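The values are calculated or read from the model by the stated rules, or taken from the named source; none is laboratory data. Keep in mind it's a predicted model, so treat the numbers as computed, not measured. Ideal geometry is used to build each Cβ from the backbone, glycine not excepted, and the neighbour counts take in all protein chains shown.
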Amino acid sequence: MTDTSQRPELDAARLVLQRMGVTPQDLLDTPSPRLAVPTFADYIPQVAAAVSDGTRRVYASYWKRINTEWGHRRLDEPTASDIKRLAEQVRTQRVRRRNARGGHSAAEHLIAAMRCLYNHAVADRIIAEADNPARQVAKPRRQPSTRRGLPDSGVEEVTRIAATTGNDPILDSLILRLHIETACRRGGALALTPADLDPTQSLILLREKGDTQRWQPVSPTLIRHLHEHAHHRGAAESGGQLLRYRTGKPITTRRYDHLWHRIGQHLPWVATQQISTHWLRHTTLTWVERHFGYAVARAYAGHTDSSGDTGVTTTYVRAGLEEVAAALSALTGETHPLAPETAMEGNDHQHRNSCRPQKSS
């Protein structure tokens, strides 16, 4: 038998393989066969069916644009430069609104939607991670938000218009009161059902983005009005969505759009600054942070500890439900079953409770 261990060509081959990061076993292993690469038109519906409702809602318009431009192309055809060009087209051809800021958000969402498609393609072994072109495209730098907390006078004006105009001021007042007290997002309010109300402890169960759930303290006044609303408008009987029109039909995000459009017609500054429900979240959380600190504001907002920009310290400074209830008690001027008895003492910064729901009907 010939000894090949000392042949110089084998030594050279081993050196090359070592520098390439390839082992002899890698050469012997049979690569797993990959699936046939589908077109965007074929693959987008598969991914849309696999993601959550929230993800689908955010990316649907961008996937539609991708399908329009590249529906006939296979996933392995576009390059990183192709994706950059498409993102730039989306940015420049965006619908121009008063509060637009150069189309950066449109480009960011297009790239995120593309990454979602390719992440699923990698997981499905349609393409290799090294061949993922979306990974090579950086998102535009996100600009600081123009939202801020509203002054008490602004909250009073908004709630006054909601309670005195429109075809259902009772509903609109209840919606605003809910968002002012809880700082919840629209999705959390729309997901509420009668089963999510705990009148004994004045708590509601909020389900928001990222499939998060949390019990949020509310005032006894609000929990009573939510309970009455559920009974008077059919939600208690059906067990479905809580917030409803007088007809018993559940509201959608269009009710929010209609509400802020109407308020903007009466208050020009609302229309000019494009005030929305999320501004109420900023308003409440700013107030809570100023008077009760960062940890309580973070818990009040329902933020998790998984964010990479907050550091591990948040693990040790998390606020409890009783502390959130104490902040709410000071905010609304009402005692809360879970708040310490001292929560109302020395409350010189009580928030103006200008959004009292009217009697439900």
Next on the checklist: For Ser153, only one of the following conditions fails: (1) modelled with pLDDT under 95; (2) farther than 16 Å from Thr277 by Cα; (3) touching a helix residue (DSSP H, G or I) at 6+ places or on another chain (Cβ under 9 Å). What is its number?
Outcome noted: (3)
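For the stretch 40-79, enumerate the residues that are outside any helix (DSSP H, G or I) and within 23 Å of Thr253 (Cα to Cα).
Val51, Ser52
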Checklist outcome for this item: Within the stretch 274-289, the residues that are in contact (Cβ under 8 Å) with a residue 12 or more places away in the chain and either assigned to a helix (DSSP H, G or I) or within 19 Å of Leu206 (Cα to Cα) (or both) are Thr277, His278, Trp279, Leu280, Arg281, His282, Thr283, Thr284, Leu285, Thr286, Trp287, Val288
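Can Leu242 be described as more than 27 Å from Gln201 (Cα to Cα) and either touching a residue at least 40 places away in the same chain (Cβ under 8 Å) or outside any helix (DSSP H, G or I) (or both)?
Spelling it out, it is not the case that Leu242 is more than 27 Å from Gln201 (Cα to Cα) and either touching a residue at least 40 places away in the same chain (Cβ under 8 Å) or outside any helix (DSSP H, G or I) (or both).
Looking for something part of a strand (DSSP E or B) and either under 21 Å from the mean Cα position of the chain (by Cα) or not assigned by TED's automatic domain parsing to the domain that holds Val324 (or both) - is there at least one such residue anywhere in the stretch 189-199? I'd like the intermediate steps shown before the answer.
Quick first cut of the stretch 189-199, residues part of a strand (DSSP E or B) only: 197-198.
Filter again for either under 21 Å from the mean Cα position of the chain (by Cα) or not assigned by TED's automatic domain parsing to the domain that holds Val324 (or both), leaving none.
Within the stretch 189-199, not a single residue is part of a strand (DSSP E or B) and either under 21 Å from the mean Cα position of the chain (by Cα) or not assigned by TED's automatic domain parsing to the domain that holds Val324 (or both).
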Checklist entry - For the stretch 199-219, how many residues are surrounded by fewer than 18 Cβ atoms within 10 Å (Cβ to Cβ), out of contact with any Pro (no Cβ under 9 Å at 6 or more places or on another chain) and touching a residue at least 24 places away in the same chain (Cβ under 8 Å)? => result 5
Checklist entry - If you go through the stretch 246-273, how many residues are in a loop (DSSP other than H, G, I, E, B), of a type outside the set (A, V, I, L, M) and under 19 Å from Gly187 (Cβ atoms)? => result 2
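Yes/no per residue for (1) assigned by TED's automatic domain parsing to the domain that holds Ser81; (2) surrounded by fewer than 18 Cβ atoms within 10 Å (Cβ to Cβ):
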{"position": "Ile126", "(1), (2)": "yes, no"}
{"position": "Ala130", "(1), (2)": "yes, yes"}
{"position": "Thr146", "(1), (2)": "no, yes"}
{"position": "Glu157", "(1), (2)": "no, no"}
{"position": "Arg160", "(1), (2)": "no, yes"}
{"position": "Thr164", "(1), (2)": "no, yes"}
{"position": "Asp172", "(1), (2)": "no, no"}
{"position": "Leu176", "(1), (2)": "no, no"}
